[in-house]
Amino acid sequence: MESNLVEIPEESESEEVQNRNLIPTASISLALSTLLPAHFLPPKQIGASSPTRVKIPSQISCLSQLSTSHSAKSSTFKSTTISANPLQSTLTLNPLRPANPSNAAAFRRACVVWFRNDLRVTDNECLTSANNDSMSVLPVYCFDPRDYGKSSSGFDKTGPYRANFLIESVTDLRKNLQARGSDLVVRIGKPENVLLEVVKAVRADAVYMHREVSHDEVKAEEKIEEVLKDEGVEIKSFWGSTLYHLDDLPFELEDMPTNYGGLKEKVKGVQVRKTIEALDRMKSLPKAGDVEHGEIPSLADLGLGVACQAGETGVRPSVVGGETEALKRLNSFGSEGQAKTMANKDSSSSIYGANFSCKISPWLAVGCLSPRSLFHELKKKSTSSVSKKQGAGDWLMYELLWRDFFRFITRKYSCKKQLSYEPVATASCT
């Protein structure tokens, strides 16, 4: 009797320890055995007698649910914290699209970058952000037929010389993207149709673009947002066409002063943002869809062949489009201005070059060069003592701030939902 009283606790304790060692708490599903390579699993015991105690590695504790020759009594399991061992963490298959796309940029499968008046790779926040956020990037440019032909007043919406400059700029952009391992898809068509087509083809998660200012450009943005919203595609918009960033203004856009003096007074003390370095290497193009890159159109393709031929009487435009040429002009203008400033310290002239102009406006207009790049480059090349005497920095700021004023005021009234009339002038000021 006394012996039985001693043996019962020992047997109970032995079973409790045995069960605790035999069946540890499982932290992954049984399906793990189909996912792990065979060398992760413990070798089978051949020819051994049925053990009374089975030792299972903690890394694959789910295998404890397999039947063994040992008949274990049912026991109650308590939840435990998941081990830091990666094999005991929940496995997610094909984590291509995050549950919250705006919060997990690096997991975008593919995105589309819609180039507009930002035909550059230097200081392009839109392009840089898309490249950092996604596993593949598809750059796209659209020659919108609505930008060509005759206006309601009978004038060319885009003349042959401007169109030729734009074609050269798009060609240079494609070369710069190809040099970084990417390319540029070019189409003639309405952006809302073209973008929807390529987004579906490559199964893109988002479209990245720079905001513009004119009435027609804003309307195009609204149409694109409408068609892409139905497809569940996110729109990521950026601002990069002015010296001062829109988000840095000390007032809301609807409170934009209606005169230059008011803007100049309000932006005193606002810092110009630093430029963004060009990417050394771009993410690869999306493999899905096999989208053709397309040919860059000629003037004839844009309906300007006859007008161009009539205008070509031996005089060739002196400006060549593209970011490459823009950076050359910027460097030349900065060096020229610095040299003339040093040689003419007593002169009151602060405008250098032929025709008393910086001659960079065409490249600013189509975005081959950003206003910030122009500002910081000339600021870097000028000396403080000379700048104070010459007022070169003041002149540059004066011109760029006027440009900002026109773009901000155009954007302000282009976004007015209550406008019941069609604006007379819709061209953006550059």
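Might you check whether a residue that is open to solvent by 80 Å² or more (accessible area, probe 1.4 Å), at pLDDT 85 or above, farther than 23 Å from M397 by Cβ and not aliphatic (A, V, I, L, M) occurs anywhere in region 316-327? No, that holds for no residue. Taken together, the residues in region 263-299 that are surrounded by 13 or more Cβ atoms within 10 Å (Cβ to Cβ), in contact with a helix residue (DSSP H, G or I) (Cβ under 8 Å, 6 or more places away or on another chain) and either farther than 27 Å from R108 by Cα or without any contact (Cβ under 8 Å) to a residue 24 or more places away in the chain (or both) amount to 10.
If I filter region 250-262 for residues that are under 25 Å from the mean Cα position of the chain (by Cα), among the aliphatic types (A, V, I, L, M) and either loosely packed, with under 13 Cβ neighbours inside 10 Å or farther than 20 Å from L374 by Cα (or both), do I get at least one hit?
Let us first name the residues in region 250-262 that are under 25 Å from the mean Cα position of the chain (by Cα), namely 252-253.
Narrowing the set further to residues that are among the aliphatic types (A, V, I, L, M) leaves 253.
Then keep just the ones that are either loosely packed, with under 13 Cβ neighbours inside 10 Å or farther than 20 Å from L374 by Cα (or both); that gives 253.
Yes, because at least one residue in region 250-262 is under 25 Å from the mean Cα position of the chain (by Cα), among the aliphatic types (A, V, I, L, M) and either loosely packed, with under 13 Cβ neighbours inside 10 Å or farther than 20 Å from L374 by Cα (or both).
Yes or no, residue by residue, for (1) assigned to a helix (DSSP H, G or I); (2) under 19 Å from V267 (Cα atoms); (3) modelled with pLDDT under 85:
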| site | (1), (2), (3) |
| --- | --- |
| Y352 | no, no, yes |
| L378 | yes, no, yes |
| V386 | yes, no, yes |
| K389 | yes, no, yes |
| Y398 | yes, yes, no |
| L401 | yes, yes, no |
| F405 | yes, yes, no |
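Among the listed residues T128, T122, which satisfies the condition of being over 17 Å from V194 (Cα atoms) and either assigned to a helix (DSSP H, G or I) or open to solvent by less than 20 Å² (accessible area, probe 1.4 Å) (or both)?
On the way: T122 fails: either assigned to a helix (DSSP H, G or I) or open to solvent by less than 20 Å² (accessible area, probe 1.4 Å) (or both).
So the residue among T128, T122 that is over 17 Å from V194 (Cα atoms) and either assigned to a helix (DSSP H, G or I) or open to solvent by less than 20 Å² (accessible area, probe 1.4 Å) (or both) is T128.
In region 109-119, which residues are open to solvent by less than 10 Å² (accessible area, probe 1.4 Å) and modelled with pLDDT under 95? Within region 109-119, A110 is the sole residue that qualifies. In region 146-162, the qualifying residues are those that are open to solvent by 70 Å² or more (accessible area, probe 1.4 Å) and in a helix (DSSP H, G or I), and the one that is farthest from L304 (Cα to Cα) is R146. Inside region 218-235, residues that are open to solvent by 60 Å² or more (accessible area, probe 1.4 Å) and touching a Ser or Thr at 6+ places or on another chain (Cβ under 8 Å) make up a count of 0.
The values are calculated or read from the model by the stated rules, or taken from the named source; none is laboratory data. Since this is a predicted model, take the numbers as computed values, not measurements. Heads up, the Cβs are rebuilt from the backbone with ideal geometry, glycines too, and the neighbour counts pull from every protein chain shown. In case anyone asks, the SASA skips ligands and DNA or RNA and just uses the protein heavy atoms, side chains included. Shrake-Rupley method; radii C 1.70, N 1.55, O 1.52, S 1.80 Å.
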